[in-house]
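Accompanying notes for the structure given below.
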Amino acid sequence: MDYKKVSIEITPFQEWLREVLTAQLAEIGFDSFVDSPAGFEAYIPESNYHKGQLNEVLNEFSEDFCFDVKSETIEDQNWNEEWEKNYFKPLVVADQCVVRAPFHTEYPKLKYEIVIEPNMAFGTGNHETTSLVLESILQNDMSGKSVLDMGCGTGILGILASMKGAEKITAIDIDKWSYEGSLENARINNIHNLDVKLGDAKLLSTDTYDVIFANIQRNVLLNDLPAYNSVLNAGGTLIMSGFYKEDMSAIKTKAESLGLKDAGFKVKNNWVAYSFTK
């Protein structure tokens with residue numbers, strides 16, 4: 001199957017906009033995404049590509065942003081081989097966990113091994129925010145805990161929490177490809193206590209959690225923090241990522257206004273994972 005590769009540069013670049021655009025393009029048939037310094041590459045089977053639909057998505061933001069769009073046809077090829085060669089290498093986290101694809105044959109043998117099908121390119125662990133939260137999970141006791149993963153992507157965070165002994169994990173994402181990918185990756189890793197849901201914070205109701213991960217983006221976090229707090233058990237931990245160091249003050253102010261206590265943070269290449277306790 002031939003694919004259409006669409007390269008999009010965003011000016012001025014905003015991480016949150018990249019996330020919004022990839023989610024919206026997934027809804028019109030794009031099935032793989034690769035981040036670039038100022039935007040991203042999006043891939044879609046050529047038979048499903050409609051330039052008019054792409055333009056409709058971009059036009060929603062054209063008043064505030066400019067888009068440099070280039071497209072080319074990629075002839076049918078071994079996509080797993082291309083991923084392995086160009087994008088997705090086995091990732092080692094804190095010398096305890098290796099994240100790999102099913103096609104990887106050479107990788108270190110560590111305590112935790114997570115297999116991620118990379119055909120979606122969401123949350124393979126290579127992005128700083130994902131690896132930061134993975135490190136936090138490795139450093140915290142998950143035994144018997146109830147866990148919520150907001151913006152679950154490939155389900156990688158919930159999968160590691162389960163491997164570390166979490167009793168039950170709820171994983172929520174607004175993107176249907178992430179929903180389906182999380183189900184598939186749970187199956188691949190023999191994870192049976194991961195409940196994946198399609199939607200957003202509106203799905204939160206009476207169930208409560210000991211640990212919450214929210215790796216999304218600044219504005220969504222600020223908007224949904226009250227919802228997270230309402231379902232976080234006393235003594236529980238909320239770990240948020242998806243924002244820059246410059247955004248920490250706003251996140252901290254909002255969290256503390258809800259009675260949450262600062263429990264420290266990690267920074268990697270200016271990306272932050274910020275922990276709070278209740």
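Pull up the range 153-175, narrow it to residues that are in contact (Cβ under 8 Å) with a residue 60 or more places away in the chain and closer than 24 Å to PHE103 by Cα, then point me to the one that is surrounded by the most Cβ atoms within 10 Å (Cβ to Cβ).
GLY153
Within the range 156-208, track down each residue that is under 16 Å from GLU113 (Cβ atoms) and of a type in the set (Ser, Thr, Tyr).
Matches in the range 156-208: SER162 only.
One line per residue, one yes/no per condition, for (1) free of Cβ contacts under 8 Å to residues at least 12 places away in the same chain; (2) loosely packed, with under 15 Cβ neighbours inside 10 Å; (3) of a type in the set (Ser, Thr, Tyr); (4) farther than 28 Å from ASN270 by Cβ:
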site	(1), (2), (3), (4)
THR11	no, yes, yes, no
HIS50	no, yes, no, yes
GLU63	yes, yes, no, no
PHE67	no, no, no, no
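Would you mind stating whether GLU117 is over 25 Å from ALA234 (Cβ atoms), outside the structural domain of TRP271 (by TED's automatic domain parsing) and modelled with pLDDT under 90?
Criteria met by GLU117.
Against the definition (part of a strand (DSSP E or B), of a type in the set (D, E, K, R) and within 23 Å of THR154 (Cβ to Cβ)), how does GLU41 come out, yes or no?
Yes, satisfied.
In the range 242-265, which residue that is part of a strand (DSSP E or B) and modelled with pLDDT under 95 is farthest from TRP16 (Cα to Cα)?
Here the answer is TYR244.
Could you list all residues from the range 145-197 that are in contact with a helix residue (DSSP H, G or I) (Cβ under 6 Å, 6 or more places away or on another chain) and more than 21 Å from ASP210 (Cα to Cα)?
Residues satisfying the conditions are THR154, ASP175, TRP177, ASN189.
Here is a check on your reading of the model: is ASP68 at pLDDT 95 or above, outside the structural domain of GLY242 (by TED's automatic domain parsing) and closer than 29 Å to TYR244 by Cα?
Yes, satisfied.
Just checking, does the range 231-241 include any residue being in contact (Cβ under 8 Å) with a residue 12 or more places away in the chain, assigned by TED's automatic domain parsing to the domain that holds CYS152 and not in a strand (DSSP E or B)?
Yes; the residues of the range 231-241 include at least one that is in contact (Cβ under 8 Å) with a residue 12 or more places away in the chain, assigned by TED's automatic domain parsing to the domain that holds CYS152 and not in a strand (DSSP E or B).
Please state which one of VAL196, VAL220 is in contact (Cβ under 8 Å) with a residue 12 or more places away in the chain, of a type outside the set (Ser, Thr, Tyr) and under 13 Å from THR170 (Cα atoms).
It is VAL196.
What tally of residues in the range 9-31 results from selecting those that are more than 22 Å from PRO45 (Cβ to Cβ) and of a type in the set (Phe, Trp, Tyr)?
2
Answer yes or no: is there a residue in the range 217-226 that is at negative phi and touching a Lys or Arg at 6+ places or on another chain (Cβ under 6 Å).
Yes: the range 217-226 contains one or more residues that are at negative phi and touching a Lys or Arg at 6+ places or on another chain (Cβ under 6 Å).
Testing ASN269 on (1) over 30 Å from ARG100 (Cα atoms); (2) at pLDDT below 95, one condition comes back false. Which one is that?
The single condition ASN269 does not satisfy is (1).
How many of the residues making up the range 209-262 are surrounded by fewer than 22 Cβ atoms within 10 Å (Cβ to Cβ) and among the aromatic types (Phe, Trp, Tyr)?
Result for the range 209-262: 1.
Considering the range 140-165 alone, what residues qualify as being in a helix (DSSP H, G or I) and farther than 23 Å from LEU221 by Cα?
Once the filter is applied, which keeps residues that are in a helix (DSSP H, G or I) and farther than 23 Å from LEU221 by Cα, the range 140-165 yields SER162, MET163.
The values are calculated or read from the model by the stated rules, or taken from the named source; none is laboratory data. Computed from a prediction, not measured in an experiment: that's the story for all the values here. Because the Cβ atoms are built from the backbone with ideal geometry, glycine has one as well, and the counts that use them run over all protein chains shown.
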